[in-house]
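Values quoted throughout were computed directly from the atomic coordinates according to the rules given, and no laboratory measurement underlies them. Here the structure is a predicted model, which means the values were calculated and not measured. So basically every Cβ, Gly included, is an ideal-geometry build from the backbone, and we count neighbours across all protein chains shown.
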Amino acid sequence: MAEVSMGGSAKNRYGLWVDSPRPRANELDAWVRLWADDRKLDFVSILLNAGTDPKYKPTWDTDLLLEATHALMKKGVEVRWMSYPVATPIAVDRLVDALHDLYTAATLKGLDSWDVVPEFDLEENWGGATQELSDRLAAGVTQIPWVSRFAVNFVPTLKGKAPGFVAPLLHHPRCKIAALQAYTFYGGEGHWTDHAAFRPGGAYLDACLDLAQSLFEDVTVDEIVFGQALYSQNHPAPSPRGTEALQATYDHLYAQGVRRFCGWSGKHTTQEYGGAVWGPEDRGRRHASTHPQGRPGRAQVARPVQGRRRRRLGQRQQVGPPQVLPATRHRRVGVAVRDELQGAP
């Protein structure tokens with residue numbers, strides 16, 4: 001069996017992209033306990049904007065965001081601030097200005113803002129971005145005095161490649177963390193995930209593993225994180241469903257040595273979304289329930305990955321963040337993957 005790891009350390013690391021619920025000021029302590037104590041997360045990527053236009057504009061109250069960040073860090077949880085860049089010069093400049101204001105406010109409050117890594121979700125809002133726009137974003141954010149590196153997350157193609165509009169930022173020397181949205185989920189009949197590649201243990205995971213290997217060989221990233229979808233796990237037979245589907249995906253990646261995981265998303269761990277759990281179990285395993293439609297079904301052992309032995313993947317230095325969105329947010333990327341599937345076996 002091939003062996004892979006997501007870091008120089010063999011320690012498993014688990015995180016979550018937190019979109020909601022957002023706390024009110026009087027709920028902050030409970031909110032922090034949820035992620036740090038109940039879920040026992042190693043890192044959290046806080047979405048600065050959970051989908052409100054304009055998407056590049058942070059919608060958190062600044063003081064509350066800084067308090068939440070500080071409280072999580074005091075409990076040993078690493079924090080990322082995740083943004084949705086939009087592929088226009090004005091939007092890039094406004095995002096950079098907003099991040100500069102946040103880091104400045106954090107420093108004025110005496111927080112270790114340089115420990116917070118900015119993360120960029122490169123999906124449909126960034127589709128079609130040019131090299132010039134990518135350079136503009138990278139230069140702007142790394143000129144913020146407290147920012148020495150940044151993270152990106154994106155949807156790999158079925159062939160194990162980074163989309164063209166992702167590559168310029170991914171290959172930037174200050175991009176030190178890459179989160180692959182290695183999601184196996186089922187969006188329903190006719191959806192672009194209605195394909196064997198996206199079942200638990202399917203070919204899409206193998207493609208993402210191959211991409212992770214190539215990234216360590218070709219670019220300067222220090223850590224790669226594998227994202228897992230905590231929703232739409234109602235896979236068609238004979239695939240496992242619900243919690244067992246997530247476990248099969250986890251086992252498939254873990255067997256290859258993957259040790260960095262991040263779940264999408266915070267809202268899918270709440271009771272209104274089926275009460276998913278994203279916390280430690282025996283041997284550090286993660287179990288999660290799913291969207292209400294994703295009820296558990298018959299277990300299925302994930303098939304082993306065939307092919308060349310992969311070296312251990314992980315961080316060359318000490319860092320670690322990442323994200324993906326519900327199926328409706330994958331419209332642009334989904335079309336590309338769907339077209340790619342036309343010639344797939």
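Summary of computed values
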item	result
By average C-beta atoms within 10 angstrom, highest first, the peptides 158-164, 200-206, 52-58	200-206, 158-164, 52-58
Cα gyration tensor shape of the range 1-156, rounded if a/c is under 1.5, else prolate or oblate by comparing a/b with b/c	oblate
Prolate/oblate/rounded label for the range 13-56 (Cα gyration tensor, a/c 1.5)	oblate
Prolate/oblate/rounded label for the range 85-159 (Cα gyration tensor, a/c 1.5)	prolate
Ordering of 254-261, 236-243 by burial proxy (mean other Cβ atoms within 10 Å per residue, highest first)	254-261, 236-243
Alpha-carbon centroids, the range 29-57 and the range 111-179: separation in whole Å	19 Å
Protection-proxy order for peptides 84-92, 115-123, each taking the mean of Cβ atoms within 10 Å per residue, highest first	115-123, 84-92
